[in-house]
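Before any comments, here is the structure.
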Amino acid sequence: MEAGSGDGDSYPEHHETDGSIRKGCDPFAQTQRSKLQHRRARINQQINKEMRMRAGAENLFRATTNHKVKETVALELSYVNSNLQLLKEELEELNSSVEVYQNESEAISVPMIPLGLKETKDLDLMDPLKDFIADHYGEDAALYEKEINELMELRQAMRTPSRSEAGLELLMEYYNQLYFMDQRFFPPNRSLGVFFHWYDSLTGVPSCQRALAFEKGSVLFNMGALYTQIGARQDRQSLQGVNTAINAFQKAAGCFSFLKENFSNAPSLDMSAASLNMLVRLMVAQVQEGIFEKFVLENTQNNFITQLQMAQEAARVEDVYTLVYRTMMHPPVKDYVPFSWTTMVRVKAEHFKALSHCHAANALCDFSTSPGLELIEHEKVFLQFHTSPPEGPPISFLLQDQEERRKLGKTHLKKAVIKHEEAMRIHGLCKILRKMDILQEVLTLAHKRSLSRYSDIDHEEDFFETGEAPDIQPKTHQKPEVTIPIFSKVKVKDIFHRLGPVSVFSAKHRWRPAQKVHLDPGDGGFGFTLRGDSPVLIADVVPGGCAARAGVKEGSYIVSVNAEDCRWAKHSQVVQLLKNTGEDGADIEVVTFQSADPQNTIQDKKSSMLTSSEILQGNKENRKMAGGKRSNTLLLWNRKRNPTRRNPNIPNISALQLPFSAVQSNESMY
């Protein structure tokens, strides 16, 4: 089900961090993925070739008036269409390998539907990032090769995440690093020249975009897909396993829902709004199935009320799978989703409807009701059990009369048997599902159980005609949740931390070339006012002072003092460096925004460590992914600007009047 890298791509043997494979990375999983993708690539190439041949043949058929030519072309069209059908069936079989992801337990349970990961091509960022660092930041790009390699290695590692919490954290680590990548290297008015190649998770069709949002959305999709694989592999015969599965599918639904709400015009079908809507509903249905299984495990002491609740839980599962099936049958999803998926969803809907009627029959036939408070309670529950009242005597009489209960139970069992047979019939229509022994075993076992029970309560002297059992009102004790991913859970540090605070040293700011000046203050001091931290801003320059004579401009940032880097230095640290200047003066390096109003460039400085508040303040993602354009913001990260303007109440004290002891940490003259 998973796509792999395209032809010509290769995986390194492993990614190492401190001499070992990066935590959360499973590089050896690439064997199966590569084989699957190479098969996909071959099939897609053949499909494209056959479709071009068909288009040419159809044009010729319409254009020619020669009868013999028409016959020849018609024969060719028939041959091409047959080939296309065979290729599509082969591709669908690749997309339907759900048994690969199921748990290895010997317990019999209905298999879940997982998603394969999207695959991507190798991405060489070395030259584009080095060029940008040299051109935009004016730095020696060779000094940042280690950081660039670290970023590329992280991207390589996230292509093969392990099916575990560590694998999810690896994906989220790279996802969060994309915030810094966007801030550092993707200016709003120019392209970095980097193309992101990703394959559709189902069709293997490649898509290519320059927008970083496409990279980000694809990683988020893989988070959701990995959650589905973790959920599918759980042993749901244990409470721990079923709870883990429920949690995983809820988080998968959250990833796809978040993707649907924050991305639009995706270039691949798997990330389109229609497909994501279907995936969210499918995940919710699988959560509901897990809730039913959990309820059965937790309620081992059966009684009348418990059996009715199980019936309503099963009816709820049938209800949500029916909604998923309707969604899958809507264009364009109908032509995209594998037939085995739609068949399995339909089989599950029929299977759980049968189970709901089976539990209803168990409640009616196995448990008796005593007059008094128990009868009142049972009657209250039973009045809300069916969507419409059952035919026959009043509920109070029915619950006390064993024969009437048996008759109604028999109608429910009859419907259960019919629905089991319908599930088996639908299952038999799909040749891929017929190969899934476990599903066949589940359906057969449930059918035999209902038939046996029907035989037990069917009396030879029954002369009444078994009526139609009313439908059961769906109800659940635990509503499924769509759990949105918490990106702040995985803290990351900006790989390109050495460039300086991202609030200042970012791609959206244009800089004048760095200015190196020598300051010899003499008796009059340096003649400027400093403000802020990391980096320290020259907020004011005294006319005629030492700094003014050296060409220092107001609004410049001090990036070094006497060759010591000051991008991350606190105000007090820079002041101390200046105070320690000897008779030879100080060599400082300053940079200045290309801005008409330097005061507008003064910003609050933040740490380069990604915080929870930074992550959670974002709004909508790039809305034009398909056009290759990028928005000024990336998902979840708001480029917050808090200009700090000069306080007019602060007097413009002469530099000559300010002794060293008067230097303050907020705004100081020196």
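The values are calculated or read from the model by the stated rules, or taken from the named source; none is laboratory data. Because the structure is predicted, anything quoted here is derived from the model rather than measured. In this analysis, Cβ positions are derived from the backbone assuming ideal geometry, glycine residues included, and neighbour counts consider all displayed protein chains. Side chains are part of the model used for accessible areas, which takes the heavy atoms of the whole protein and leaves out ligands, DNA and RNA. Shrake-Rupley method; radii C 1.70, N 1.55, O 1.52, S 1.80 Å.
Overview of results
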item: J(HN,Hα) series, segment 369-385, from Karplus relation 6.51 cos²θ - 1.76 cosθ + 1.60, nearest Hz, glycine and proline x; result: 10, 9, x, x, 4, 4, 5, 4, 5, 5, 5, 4, 5, 5, 5, 9, 7
item: Fully extended contour minus Cα-Cα distance, from residue 553 to residue 386, at 0.36 nm per residue; result: 52.1 nm
item: 13 Å beta-carbon shell around residue 396, net charge (K/R +1, D/E -1); result: -3
item: Dipole magnitude of segment 273-337 about its Cα centre (Cβ charges: Lys, Arg +1; Asp, Glu -1), debye to nearest 20; result: 200 debye
item: Label-point separation in nm, residue 66 to residue 434, each point 7 Å along Cα→Cβ; result: 4.4 nm
item: Sparse-neighbourhood loop sites, chymotrypsin sites (Phe, Trp or Tyr not before Pro) in segment 340-433 - DSSP loop, at most 12 other Cβ within 10 angstrom; result: none
item: Loop-located GluC sites (Glu not before Pro) in segment 427-523 whose Cβ has at most 13 other Cβ within 10 Å (DSSP); result: 460, 461, 465, 468
item: Ordering of 527-533, 232-238, 509-515, 487-493 by packing [mean C-beta count within 10 Å, highest first]; result: 527-533, 232-238, 487-493, 509-515
item: Order of exposure, largest accessible area first, which applies to 373, 75, 60 with probe 1.4 Å; result: 373, 75, 60
item: Net charge of Cβ neighbours under 15 Å - reference residue 295; Lys, Arg +1; Asp, Glu -1; result: 0
item: Point-charge dipole on Cβ atoms (K/R +1, D/E -1) for segment 393-459, about Cα centre, debye to 20; result: 280 debye
item: Radius of gyration, Dmax [segment 383-496; alpha carbons; angstrom]; result: 22.7, 84
item: Per-residue HN-Hα couplings for segment 343-348 [Karplus 6.51, -1.76, 1.60; θ = phi - 60°; Hz; x = Gly/Pro]; result: 5, 5, 4, 5, 4, 5
item: Members of 260/491; 49/216; 380/414; 49/88; 88/353; 88/216 lying beyond 23 Å, as alpha-carbon distances in this model show; result: 260/491; 49/216; 380/414; 88/353; 88/216
